[in-house]
Amino acid sequence: MARIAIIGVGAIGGVVAALLEQAGHEVVLCTRRPLSGLVVETPDGPVTVHGANVVDPKAAPAVDWVLVATKAYDVAGAAQWLERLRAHGAPVAVLQNGVEHRERFATYVPMESILPVVVDCPAERPSPERIRQRGVMHLKVPESEQGGAFVALFAGSPADAATVPDFLTVAWKKLCYNAAGVLSALALQPSGLLRGEAMGDVARQIVRECIAVGRAEGAALDDGIAERVLAAYRSSPADSINSMLADRLAGRPMEIDARNGVIVRLGEKHGIPTPNNWMAVALLEAMVRV
């Protein structure tokens with residue numbers, strides 16, 4: 001049994017906590033505010049998480065693993081926990097959106113101790129103490145000794161955790177999916193929005209820009225990804241709310257840079273035009289300022 005700290009107990013962090021406890025591990029929930037309880041409504045029924053809740057980074061115990069499940073823009077906040085949690089050199093698994101997992105934490109943790117994780121799990125957080133998990137949690141990590149150790153943490157749980165030989169491509173494929181979700185945040189509508197032809201066409205263009213930039217970065221992305229992404233959105237429940245839309249509805253900061261801004265930034269680096277992502281980023285940033 002391992003002692004595992006989870007920094008950021010939102011939808012993803014909460015589901016991970018439930019899975020790790022089901023696998024027999026001791027979980028430490030690191031949050032800004034106290035949790036009166038935590039119940040994850042899984043596809044197999046409700047699971048109550050019993051892990052210790054710590055709200056002060058200075059009171060955090062040393063652990064065997066640190067899992068960061070905060071939003072990508074909250075790296076500095078997450079980093080406040082690392083010194084005490086990593087007192088014995090624990091590896092840090094970064095469960096965040098985007099393709100820059102290691103780069104975000106390189107200032108705070110040795111690069112060799114950072115494990116990037118691609119997460120795919122339909123989950124929502126209706127309230128701080130309740131999480132709705134709509135499907136299986138898929139976790140992908142680079143094929144390595146550290147990656148294998150991470151996967152082993154979920155043995156005995158319902159999670160689908162696996163190592164992959166080409167993590168770069170997996171991360172960019174996930175970004176293609178996330179990038180299209182910006183349309184829901186802009187229109188303040190759930191994923192059923194993309195069932196319309198006009199919005200579907202815009203989603204295709206956003207994803208095609210992501211494919212072009214990802215290829216320039218070395219990812220093996222085929223042209224059919226745009227259609228597969230759109231099909232996935234259209235086959236999901238029409239009332240599904242992605243995390244960016246949830247954040248905007250709640251008045252919270254959004255992962256604009258990690259999901260669409262990175263496509264624009266890296267597109268400029270490679271001389272690849274990204275007008276659809278550029279407009280989406282510009283519009284959301286203007287809305288945030290307002």
Binned Cα-Cα distance frequencies in the chain - 5 Å width, integer %: 1, 6, 12, 17, 19, 18, 14, 9, 5, 1, 0
Percent of C-alpha pairs per 10 Å bin, the range 83-194, short to long: 12, 36, 36, 14, 1
Let me make sure I get this right: for the range 217-290, a, b and c are the square roots of the gyration tensor eigenvalues over alpha carbons, sorted descending. Under 1.5 in a/c it's rounded, otherwise prolate if a/b > b/c, else oblate. Which is it? oblate
Mind pulling the angle between the C-alpha long axis of helix 167-180 and the longest principal axis of the chain? Nearest 10 degrees, somewhere in 0 to 90. 60 degrees
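Which whole-number percent is the relative contact order of the chain (Cα, under 8 Å, 6+ apart)? Spell out each step's value before the answer.
Values: 561 pairs, mean separation 43.5, N = 290.
About 15 percent, as a whole number.
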Only Cα pairs under 8 Å and at least 6 apart count here; give the relative contact order of the range 1-152 as a rounded whole percent. 24 percent
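Cα-based count: Lys pairs in the chain below 23 Å, eight or more positions apart or different chains? Write out the running numbers ahead of the final one.
Details: 58/71; 71/140; 71/173; 71/174; 140/173; 140/174; 173/269; 174/269.
Lysine pairs meeting the criterion: 8.
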For the chain, report the accessible area per residue in Å² (1.4 Å probe, heavy atoms, rounded to an integer). 44 Å²
Counting only protein heavy atoms and a 1.4 Å probe, tell me what percentage of the range 138-213's accessible area is made up of carbon and sulfur. 58 percent
Ordered by number, the GluC sites (Glu not before Pro) in the range 49-141 that occupy a DSSP loop and have at most 14 other Cβ atoms within 10 Å are 129
At most 16 other Cβ within 10 Å, DSSP loop - trypsin sites (Lys or Arg not before Pro), the range 1-83: 32
Identify which of 45, 98, 37 has the largest mean-square fluctuation in a Gaussian network model of the chain, with springs joining Cα atoms closer than 10 Å. 45
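The values are calculated or read from the model by the stated rules, or taken from the named source; none is laboratory data. Remember, predicted model here, so these are calculated numbers, not experimental data. Quick reminder, even Gly has a Cβ in these numbers, built from the backbone with ideal geometry, and neighbours come from all protein chains shown. All accessible areas refer to the heavy atoms of the entire protein, side chains included, with ligands and DNA or RNA removed. Shrake-Rupley method; radii C 1.70, N 1.55, O 1.52, S 1.80 Å.
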